[in-house]
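A short worksheet on the structure shown next.
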Amino acid sequence: MKSFKIGLSTLFLSLAASMSLYAFDLSLGDGEKSLGIKTTHNVDEPFGKPLPWGPTSARFSGNSLWVADTLKNRIVEYDPNGTYKNAITLKMPSYSTIGDFCFGYFGDKKEKALFVCDDDNPIIYIFNSSGNIINQIGSLNTRTILMRPCRIEFYDGKIFVLDIGRSNIFEFNQYLNQGRAIVTYASNFTIENDTLIHIVEYKNKKAIEWYNLKSGKRDYYELDYPKDSEIDFVSINKDMAYIGEILFEEGASQAQYQIIQVDNKQNLTRLNTNYPVSFMVRSFIKDKAGKLYQIKFDETKPNKLTIDQLPDNFKESEG
């Protein structure tokens, strides 16, 4: 793949009014079938006013939607329509907090397992289906392996952990031994078709990197973006890459957030959207059909967490 530049300041877009997208709400509250939330939590966020604290991560796996219910120390299972099915209570230390998670296996027996990032400590916990800790990567107050693990994926028998404290994506084998470390500038990444996609620095600029885990081949999309903005990789979906862009304006109380869609023909379009929920480490998720969803918290609906499908193709308009 030949590298090329992407200018992020020339296109504006909006959704076609007639487009119908799929969305559903998850209940927030104290009940068993609701996800825990604190409405008085003061999050010191640089991009705007504080938001409440609640679920930290979500993902589609198998035929279910799974959500990390951090305040209740559990992983909650929903059907694809957002109906409560079950919950796994995690027996984790009182000093730990559930962050991102994924499902996989480890060891010779390929024991099924749930891998969970500790949001407060340099640890990856490994749980069985009963919620008991059966192993871990890293240890309390020991940062020789991890410093601040925030994102985790299981692929081809290996565990990939993004550590924003070290700006690396670490690879661990099925015996939990550390392998390669991949330098990154993102707080998100994805792996598809043996390829890890994330943000790197390339020729003194930020770029999307396609890193083939088998061959070691690297390809790039160079990114040019406004000085008063920040970018981060969101996801890959079929032939589209999605990048989050935060726009800071002097005097504004809330930063603007846009999702940039890049196709395989070098075309670029943007979708103006609400900033992803600040307490979610995984603000965008994809189902097994390849549909991408954004997780939103609407202050006008304080008891709901919205799962909102993004369009397959953004619609360009001048502005």
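Odds and ends about this structure:
- Filtered by the rule that a residue be within 21 Å of residue 111 (Cβ to Cβ) and among the small types (Gly, Ala, Ser), region 140-195 gives 157, 179.
Each row is one residue, and each column tells you yes or no for (1) in contact with a Phe, Trp or Tyr (Cβ under 9 Å, 6 or more places away or on another chain); (2) among the aliphatic types (A, V, I, L, M).
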residue: 77; (1), (2): yes, no
residue: 94; (1), (2): no, no
residue: 105; (1), (2): yes, no
residue: 136; (1), (2): yes, no
residue: 139; (1), (2): no, no
residue: 155; (1), (2): no, no
residue: 162; (1), (2): yes, yes
residue: 165; (1), (2): no, no
residue: 187; (1), (2): yes, no
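Yes/no per residue for (1) buried (at least 21 other Cβ atoms within 10 Å of the Cβ); (2) of a type in the set (Gly, Ala, Ser); (3) over 16 Å from residue 22 (Cβ atoms):
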{"position": "280", "(1), (2), (3)": "yes, no, yes"}
{"position": "286", "(1), (2), (3)": "no, no, no"}
{"position": "293", "(1), (2), (3)": "yes, no, no"}
{"position": "299", "(1), (2), (3)": "no, no, yes"}
{"position": "302", "(1), (2), (3)": "no, no, yes"}
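- Residue in region 179-194 that is without any contact (Cβ under 8 Å) to a residue 12 or more places away in the chain, surrounded by fewer than 18 Cβ atoms within 10 Å (Cβ to Cβ), under 23 Å from residue 245 (Cβ atoms) and of a type outside the set (Asp, Glu) present: no
- Restricting region 203-233 to residues that are of a type in the set (Gly, Ala, Ser) and surrounded by 13 or more Cβ atoms within 10 Å (Cβ to Cβ), the residue that is modelled with the lowest pLDDT: 229
- Pairs with Cβ under 8 Å, 6+ apart, first in region 251-278 and over 29 Å from residue 52 (Cα atoms) and of a type in the set (A, V, I, L, M, F, W, C), second in a loop (DSSP other than H, G, I, E, B) and modelled with pLDDT under 70: 268/8; 268/11
One line per residue, one yes/no per condition, for (1) of a type in the set (Ser, Thr, Tyr); (2) in a strand (DSSP E or B); (3) surrounded by 13 or more Cβ atoms within 10 Å (Cβ to Cβ):
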| site | (1), (2), (3) |
| --- | --- |
| 88 | no, yes, yes |
| 91 | no, no, no |
| 120 | no, no, yes |
| 136 | no, yes, yes |
| 152 | no, yes, yes |
| 161 | no, yes, yes |
| 170 | no, yes, yes |
| 175 | yes, no, no |
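- Segments classed as strands (runs of 3 or more DSSP E), wholly inside region 266-319, with at least 2 members that are in contact with a strand residue (DSSP E or B) (Cβ under 6 Å, 6 or more places away or on another chain) and modelled with pLDDT of 80 or more: 284-286, 292-296, 304-309
- Here 153, 111 are screened, and the one residue that is more than 17 Å from residue 97 (Cα to Cα), modelled with pLDDT of 95 or more and not basic (Lys, Arg) is 153.
- Among the residues here, residue 109 qualifies as outside any strand (DSSP E or B) and without any contact (Cβ under 8 Å) to a residue 24 or more places away in the chain.
The values are calculated or read from the model by the stated rules, or taken from the named source; none is laboratory data. What you are looking at is a predicted structure, and each value in this text was computed from that prediction instead of being measured. Note that we place each Cβ from the backbone using ideal geometry, even for glycine, and neighbour counts take in every protein chain shown.
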